[in-house]
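Down below is the structure, laid out as structure tokens.
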């Protein structure tokens with residue numbers, strides 16, 4: 001399995017012209033996804049930490065572009081990573097809006113960790129699922145059919161949350177308080193790296 005290096009991720013983020021607030025969101029999703037993966041790995045859940053980390057960092061790689069084009073950024077992001085030779089990363093990016101399969105009886109999977117982390121981060125803050133759903137409904141629920149799809153997806157996301165936290169020693173609401181020293185330093189390291197290479 002091939003996974004892009006941190007430098008390659010930073011370069012791709014820069015080349016795609018990602019807006020700073022989307023980059024900040026991506027770094028926060030990456031932090032939460034990696035934190036969850038680390039705790040599950042300690043419980044002997046078979047996850048690929050590097051794959052989770054990188055896929056979370058790049059999950060919105062075409063989001064900035066999609067604002068103008070209207071493209072489905074999960075699909076186009078997946079295509080870019082597939083074309084670069086990273087199909088496993090591409091597969092996770094392609095499912096960060098909606099999972100291909102919701103399975104509540106199996107052990108947690110890498111794709112579920114990234115999907116769930118994204119659903120817990122509003123802009124760059126960790127929020128309860130309900131808050132994130134209300135934001136998505138307001139922003140993307142332009143018609144009754146779309147709102148119904150979002151609500152149905154949220155029922156499945158709440159079930160996924162129950163599944164994931166069966167393997168964690170803390171509750172979902174405790175995730176809100178998690179901060180790490182390197183969160184802002186990672187973002188600034190990215191900015192400094194890009195300024196140095198320009």
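The values are calculated or read from the model by the stated rules, or taken from the named source; none is laboratory data. Because the structure is a prediction, the values reported are computed rather than measured. Cβ: placed from backbone, ideal geometry, glycine included. Neighbour counts: every protein chain shown.
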Meets criteria (touching a residue at least 24 places away in the same chain (Cβ under 8 Å) and under 19 Å from residue 26 (Cβ atoms)) for residue 136: no
Identify the single condition in (1) over 24 Å from residue 122 (Cβ atoms); (2) touching a helix residue (DSSP H, G or I) at 6+ places or on another chain (Cβ under 8 Å); (3) free of Cβ contacts under 8 Å to residues at least 40 places away in the same chain; (4) exposed (fewer than 15 other Cβ atoms within 10 Å of the Cβ) that residue 90 does not satisfy, given that it satisfies every other one. (4)
Somewhere in the range 164-172, is a residue on the phi > 0 side of the Ramachandran plot, loosely packed, with under 15 Cβ neighbours inside 10 Å, touching a residue at least 40 places away in the same chain (Cβ under 8 Å) and in a loop (DSSP other than H, G, I, E, B)? no
Members of the range 173-198 that are modelled with pLDDT of 90 or more and exposed (fewer than 11 other Cβ atoms within 10 Å of the Cβ): 173
Among the helices (runs of 4 or more DSSP H) lying completely within the range 53-159, list those that include at least 1 residues that are at pLDDT below 90. 129-140
Pairs returned, first residue in the range 36-59 that is at positive phi, second residue that is modelled with pLDDT under 95 and not in a helix (DSSP H, G or I), beta-carbon separation under 9 angstrom, 6 or more apart or interchain, are none
Touching a helix residue (DSSP H, G or I) at 6+ places or on another chain (Cβ under 8 Å), surrounded by fewer than 17 Cβ atoms within 10 Å (Cβ to Cβ) and more than 25 Å from residue 165 (Cα to Cα) - does that describe any residue in the range 24-39? no
